Amino acid sequence: MLRTMSSRRPLGLLLLLLSSAACAKARSEGAAVPAVPVTVAAAVQKDVPVEIRAVGSVEPLATVAIRPQAGGEITAVHFHEGADVRAGDLLFSLDARPYEAALAQAESNLVRDQAQARNGEAEARRAQELFAQGIVSKEQHDSLQARASGFQASVKADEAAVQTARLQLGYCSIRAPIGGRTGSLLVKPGNVVRAADGGPLVVINQIDPIYVSFAVPEARFPEVKRAAGARRLSVEALLPGEDATPMLGALSFFDNEVDRGTGTVRLRGTFANPERKLWPGQFVGARLVVDVRRNVVVVPAQAVQDGQAGPYLFVVKPDRTVELRQLVVTVAGQGELLVEKGVAAGETIVTDGQMRLVPGSKIEAKTPEKKAES
């Protein structure tokens, strides 16, 4: 009995070893690694605009806070708050009666002193004739000449007083110095205002044309300077939440220094704004085209990954395996990257599913899903 059990034990061990070897051989020869499903696209060659994108803020072309230059009671307001006004339009009227009275007094003083000046001139002429004949002494002659000069000086002072009184009377009609849109009306008829040092009555913003101000990195500012020196640069304003064509303006200003806090340079574009699409204080996307690269290779931005050695992507070879390529790229805008080195036009690249790939992986290309049309 013991001999029988001992003879079966080596036979069972042999069968187990043979079975394990067979399974290992089956796994090594028969079980193929499945292909990785990925999305692919072709690297294309085309002309690419070299652009700078930033967040811009809309600023009025000019802002004027209307303050009175004469004090008094406001008798009338000639516009509605939030309305468009033109340069020279009457905005406010002040009580003009005190200034009219001051003008009348200054004019009467002028008339009186003009009469005295005429009489003084006549006396001075007679004194000159009598002095030449030896009838009048030199002291009398000089006194009459000085008196006539004093009357002339009084006339000039009165003329200046009349001009000042007229100017003060003119300040009782407050007019718009620029065309634009008025803001909130800060005073009402019946309020008494003071000259100059009082608060503003209303603020006018000139919004057609209008500015869009934005900042570009210091590293890219030389591109802007070179391009601006060669031609007139255009700026696009991209309105948030709108699918309409971007508004087109022109680069009109860049600052004379780099902001040390942000490492950027402030630029400004000027836009025609007849439909009031741009509004002061609004944030918009700003796009500045500084150059156009001709016949360059472009790939979708999502195809490029960042690695320890720099940017890279996977290129699909004819046998449906992938190859890793290191790249030299620059930003081209609109979700694309310009490839300076690493990929040729027409090569197939992986745009989605790269995380499961290693060099030599076999892939199964799939068509990108199209967005459902609304």
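With θ set to phi - 60°, apply the Karplus curve 6.51 cos²θ - 1.76 cosθ + 1.60 along segment 46-62 and write out the HN-Hα couplings as whole Hz, x wherever there is a Gly or Pro.
Coupling constants for segment 46-62: 6, 7, 10, x, 8, 10, 10, 10, 7, 8, x, 10, 7, 10, x, 5, 8 Hz.
Under the rule of at least 5 residues apart or a separate chain, name every residue whose amide H is placed under 5 Å from the amide H of Q282.
Here V58 satisfy the definition.
Can you tell me the 0 to 90 degree angle between the C-alpha axis of helix 2-30 and the longest principal axis of the chain, rounded to 10?
For helix 2-30, the angle is close to 40 degrees.
Mind listing the long-range amide H neighbours of V44? Cut-off is under 5 Å, sequence gap 5 or more, other chains count too, H placed in the peptide plane at 1.01 Å from N.
Counting only residues 5 or more places away or on other chains, the set is V298, G346.
Which percent of Cα pairs goes in each bin when the distances of the chain are cut into 20 angstrom slices starting at zero?
17, 26, 21, 17, 10, 6, 2, 1, 0, 0
Rank the residues H141, H80 as a footprinting-exposure proxy: fewest other Cβ atoms within 10 Å of their Cβ go first.
Details: H141 16, H80 9.
Ordered from fewest to most neighbouring Cβ atoms within 10 Å, H141, H80 come out as H80, H141.
Quick check for the chain: number of Lys pairs with alpha-carbon distance under 27 Å, counting only pairs 8 or more apart or on different chains?
15
If you take every DSSP beta bridge fully contained in the chain, what fraction is antiparallel? Give it as a percent rounded to 5.
Among the beta bridges of the chain, antiparallel pairing accounts for roughly 95 percent.
Any chance you could run the full-extension gain for D197 through D84? It's 0.36 nm times the residue separation minus the Cα-Cα distance, nm to one decimal.
38.1 nm
Compute the acute angle (0 to 90°) between the alpha-carbon long axis of helix 138-170 and the principal axis of greatest extent of the alpha-carbon atoms of the chain; round to the nearest 10°.
Between the helix axis and the principal axis of the chain, the angle is about 40 degrees.
Using the alpha-carbon centroid of each, what span in Å lies between segment 165-192 and segment 104-153?
45 Å
What span do the alpha-carbon atoms of segment 96-171 cover on each of the three principal axes, reported in whole Å from largest to smallest?
56, 13, 12
Need the full-extension length gain, Q69 to S57, defined as separation in residues times 0.36 nm minus the C-alpha distance. One decimal, nm.
Extra length available between Q69 and S57 comes to 1.0 nm.
Can you tell me how much longer the chain between R220 and S108 gets when fully stretched, taken as 0.36 nm per residue apart minus their C-alpha distance, in nm with one decimal?
33.4 nm is the gain from fully extending R220 to S108.
Can you give me the long-range amide H partners of N273? Hydrogens built in the peptide plane at 1.01 Å from N, cutoff under 5 Å, separation of 5 or more residues or another chain.
I210
Residue-wise, which Karplus ³J(HN,Hα) couplings in Hz belong to segment 282-297, taking 6.51 cos²θ - 1.76 cosθ + 1.60, θ = phi - 60°, and x for glycine or proline?
Per-residue couplings from phi come out as 6, 9, 9, x, 10, 10, 10, 8, 9, 6, 10, 8, 8, 6, 10, 8 Hz.
Where a number appears in this text, it was derived from the coordinates with a stated rule and is not lab data. Source: prediction; values computed, not measured. Cβ atoms come from the backbone with ideal geometry, glycine included; neighbour counts cover every protein chain shown.
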